[in-house]
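Only the coordinates and a few stated rules stand behind these numbers; no lab work does. The shown structure was predicted, so the numbers you read here are calculated from the model rather than taken from an experiment. Here the Cβ positions follow ideal geometry from the backbone for every residue, glycine too, while neighbour counts run over all protein chains shown.
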Amino acid sequence: MQKIYRFPILGIAIFVVLFGTSRLSGFQIHVESALVTVPVIVSDLQGRFIPELKADDFRLFHDGAPEKISLFLTSDEPFKIALLLDTSMSTTTVLGKIQKAARRFLLQMRPNDLAMVVSFDSEVRVLCPLSSDRRELEKAIETAETRGSGTKLRDAILQIQNRFRSFSGRKAIVLLTDGDDHGSVVKAPELRDAVLSSGTLIYSIFYSIDYRELMKELGAPPRMPSSSRKVQETNAIWAEQERKSSLYLQDLAELSAGRFYRSKVTEFDQAFKQISDELHSQYLIGFYPDRSKLDGNLHSLSVQVNLPGVTVRSRPNYKSQ
């Protein structure tokens, strides 16, 4: 495994440690880490992941110009995974199946991988912090229960994005939800910007809820529409809501170089297997942009691999901070 690091702020950091202040002799010292990380998935034309690539096999382009790769981590590096479970009232009929699939997902983790379990409804709850203890993680999944009428999906994603900023290496969010946000403080554009400035992959598993079955389970059977036209209108409203939710989740996944899955609850194992295989085949490269690029604007990224007949997937751009 090959790792390449560059530390352009080392001298400043030592200076600050020695003198113990950020303001010396009348001038301000700013210490910033501007490393931009780029998760990369490489596969052949049949979709099989390509392992054992070296740093020299990759070429990184920043706003169309070649960029020096300063960080390279192979697929052997451990992963940090946040498992986000929607526990809003809309999941009442499916939460048990979600929990079973999530526990089986843990079995696919490598011994050095770390995971955390988070539930979200009217509140965001960390049920288990980052841990490699499978029993502890399984117990956390079992404690998840439906609560409240809210679904703070955006708040949950942003909270984990912020937590992961302090961790280096390969990171991913695996999100299970019916996708409809209710009550988040974080607005959709704000979360989109956070994803653009982060190197954390987002894998969204979106599933549909039968609203008739849900209302029956909650003890409030819906009043049947008086005509077939009313039935069609109700179904159309529900379908449009799901369409908008799934498009937003798909957008977040693509911005991060992750994936979006639309899955039946009974088919979660298949989605989890695909996510696990991809996570354990991912490379992570990084670079330090020129200071002129630290302008808060959107910048394009592209990655090439010096091999014929391969497909490369990476985050298409980033937003500097």
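Give the relative contact order (percent, whole number) for the stretch 79-279; include only Cα pairs under 8 Å separated by 6+ residues.
Values: 345 pairs, mean separation 49.2, N = 201.
Worked out over the stretch 79-279, it gives 24 percent.
For the stretch 247-321, state which GluC sites (Glu not before Pro) are in a DSSP loop and have at most 12 other beta carbons lying within 10 Å of their beta carbon.
For GluC sites (Glu not before Pro) across the stretch 247-321 that sit outside H, G, I, E and B with at most 12 neighbouring Cβ atoms in 10 Å, the list is empty.
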Requested in this report: Go through ASN317, GLY258, VAL305 and say which Cα lies farthest out towards the positive end of the charge dipole of the stretch 241-321; charges sit on Cβ, +1 for Lys and Arg, -1 for Asp and Glu.
Outcome: ASN317
